[in-house]
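Chemist: Dumping the structure here so I can ask a few things about it.
The values are calculated or read from the model by the stated rules, or taken from the named source; none is laboratory data. Everything numeric in this text was worked out from a predicted model, so none of it was measured. A quick note on method: Cβ atoms are made from the backbone with ideal geometry, for glycine too, and the neighbour counts reach across all protein chains shown. Surface areas here come from the heavy atoms of the whole protein model, side chains and all, with no ligands, DNA or RNA. Shrake-Rupley method; radii C 1.70, N 1.55, O 1.52, S 1.80 Å.
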Amino acid sequence: MKIVTVLGARPQFIKAAAFSRAIKNYPNIKEVIVHTGQHYDVNMSNVFFDEMDIPTPKYQLHTGGNSHGAMTGQQLEKIEEILILEKPDMVLVYGDTNSTLAGALAAIKLHIPLAHVEAGLRSFNRRMPEEINRILTDQISSYLFVPSLGSKQNLLNEGIDANKIFVVGDIMYDVSLYYKEKMVKPTWFDNLKLKEFILCTIHRAENTDDAYKLKEIFEGLATSEKSIILPLHPRTLKKIKDYNLSIPSNIYVVDPIGYLEMVWLEVHCDLVVTDSGGVQKEAYFHNKQCVTLREETEWVELVEAGLNRLVGHEAKKIQEALVSVNFKDGNNNIYGAGDAAKKILDILEVYK
Ligand code: UD1
Ligand code: UDP
């Protein structure tokens with residue numbers, strides 16, 4: 001059986017690390033990777049392939065840095081050509097980026113069965129580009145691999161056939177467990193001489209593309225008595241420059257870092273503050289409290305369990321959350337057992 005995997009953005013490389021490692025135990029399944037080039041900086045792409053042993057993509061496209069329509073359109077056109085050439089039995093996509101949707105559309109138009117890993121997630125905010133990408137991809141998938149019963153229910157509510165839905169847990173938990181053993185302290189960390197610190201990431205369009213919101217977020221973070229380490233996504237860097245914002249002095253900005261260093265910071269920080277989907281879950285996997293800079297999240301189970309607090313972008317709310325963090329201890333079963341990749345492959349192996 002031949003699978004073409006389409007990926008293109010940072011969180012997809014990380015998910016692919018688990019899948020591509022597990023696939024080695026399935027000699028009957030051959031994977032061909034297509035990288036759309038949505039993310040293209042060395043520290044947004046190559047670093048993950050190198051340090052996580054992800055196989056080199058057979059096809060490397062160059063579609064990054066464009067508007068949504070242009071990017072998705074270029075991806076669709078080029079992926080279609082590749083699928084016609086490769087004639088795979090199945091196309092596999094991860095998550096909710098433009099690369100996900102382009103891979104899904106290219107597959108369905110050629111009548112190639114589609115597998116969606118991390119299906120069923122919903123924020124119920126249709127102004128998020130990711131929400132549209134998820135809904136459309138799920139509607140045209142043949143295999144929907146969901147991380148939780150809640151995400152299965154979201155799909156059932158949208159009329160998706162229960163026989164297509166498989167609860168396998170979160171593939172990012174597989175990755176977290178495996179790489180915790182291999183985490184690496186960033187070389188610059190000791191120079192900061194920090195006893196305690198908050199780890200922060202910000203990149204969501206809803207926060208970065210509004211000068212007022214981004215300014216409020218930095219004002220909120222500025223109130224923290226603890227230092228904050230902020231590996232800065234290129235999108236956010238660009239917006240900070242465009243808006244001429246100054247970074248508060250308690251925030252250490254670093255370039256985007258590799259996954260092994262990211263895990264080290266997640267394991268050693270005192271608190272995670274983020275608008276990232278993946279980082280919200282990793283906070284939980286490493287037993288850290290999370291303050292989420294969004295009004296809603298797809299990962300509702302963590303909020304319902306009292307492990308994650310949604311604060312949005314207002315400085316006052318962020319300030320309150322930073323001083324009154326008092327969450328419950330986590331339990332480690334919300335998103336499965338860390339064997340999602342194996343479960344997915346066991347299902348695909350018997351695919352007819
Ligand atoms: C994308 C995904 C988002 C995901 C995020 C992970 C969509 C709609 N959004 O958002 O769901 O959470 O990736 O990080 O697909 N840029 C660079 N170098 C890079 C990558 C990006 O400079 O290597 C800059 C460019 O100016 C680019 C901007 O960041 O235009 C935004 O990149 P894009 O891929 O469009 O969206 P993300 O915000 O990264
Ligand atoms: N990440 C990383 N280096 C960074 C920031 C994030 O390795 O500088 C990892 C993070 O640990 C998680 C993934 O990138 O595994 C999350 O990706 P991102 O926040 O870009 O996207 P999202 O999950 O919100 O779609």
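Chemist: Does Gly65 fit the bill of being crowded, with 18+ Cβ neighbours inside 10 Å, on the phi > 0 side of the Ramachandran plot and under 22 Å from the mean Cα position of the chain (by Cα)?
Modeler: So Gly65 does not fit the description; no.
Chemist: Have a look at Ile108, Ile140 and point out the one that is over 26 Å from Glu296 (Cβ atoms) and either away from ligand 2 (no atom under 16 Å from the Cβ) or out of contact with any Leu (no Cβ under 9 Å at 6 or more places or on another chain) (or both).
Modeler: Ile108
Chemist: Still on this structure: Please state which one of Asp329, Asp255 is at pLDDT below 95, touching a Leu at 6+ places or on another chain (Cβ under 9 Å) and not aromatic (Phe, Trp, Tyr).
Modeler: Answer to the selection: Asp329.
Chemist: If you don't mind, there's one more thing I want to ask. Can you find a residue in the stretch 15-29 that is within 11 Å of ligand 1 (Cβ to nearest atom) and either surrounded by fewer than 22 Cβ atoms within 10 Å (Cβ to Cβ) or under 14 Å from Tyr259 (Cβ atoms) (or both)?
Modeler: No - not one qualifying residue is present in the stretch 15-29.
Chemist: I'd like to check something: does the stretch 229-242 contain any residue that is within 15 Å of ligand 1 (Cβ to nearest atom), in contact (Cβ under 8 Å) with a residue 60 or more places away in the chain and surrounded by fewer than 20 Cβ atoms within 10 Å (Cβ to Cβ)?
Modeler: The answer is yes, given that some residue of the stretch 229-242 is within 15 Å of ligand 1 (Cβ to nearest atom), in contact (Cβ under 8 Å) with a residue 60 or more places away in the chain and surrounded by fewer than 20 Cβ atoms within 10 Å (Cβ to Cβ).
Chemist: Take Leu110 and decide whether it is more than 21 Å from Lys2 (Cβ to Cβ) and not acidic (Asp, Glu).
Modeler: No; evaluated as a whole, the condition is false for this residue.
Chemist: Would the stretch 326-336 turn up any residue that is under 30 Å from Tyr26 (Cβ atoms), assigned to a helix (DSSP H, G or I) and open to solvent by 30 Å² or more (accessible area, probe 1.4 Å)?
Modeler: no
Chemist: Got a number for residues in the stretch 83-119 being within 14 Å of the chain's Cα centre (by Cα) and more than 21 Å from Tyr351 (Cα to Cα)?
Modeler: 6
Chemist: Let me ask another. State all residues of the stretch 262-276 that are open to solvent by 10 Å² or more (accessible area, probe 1.4 Å) and within 16 Å of ligand 1 (Cβ to nearest atom); if no residue qualifies, say none.
Modeler: Correct list: Met262, Ser276.
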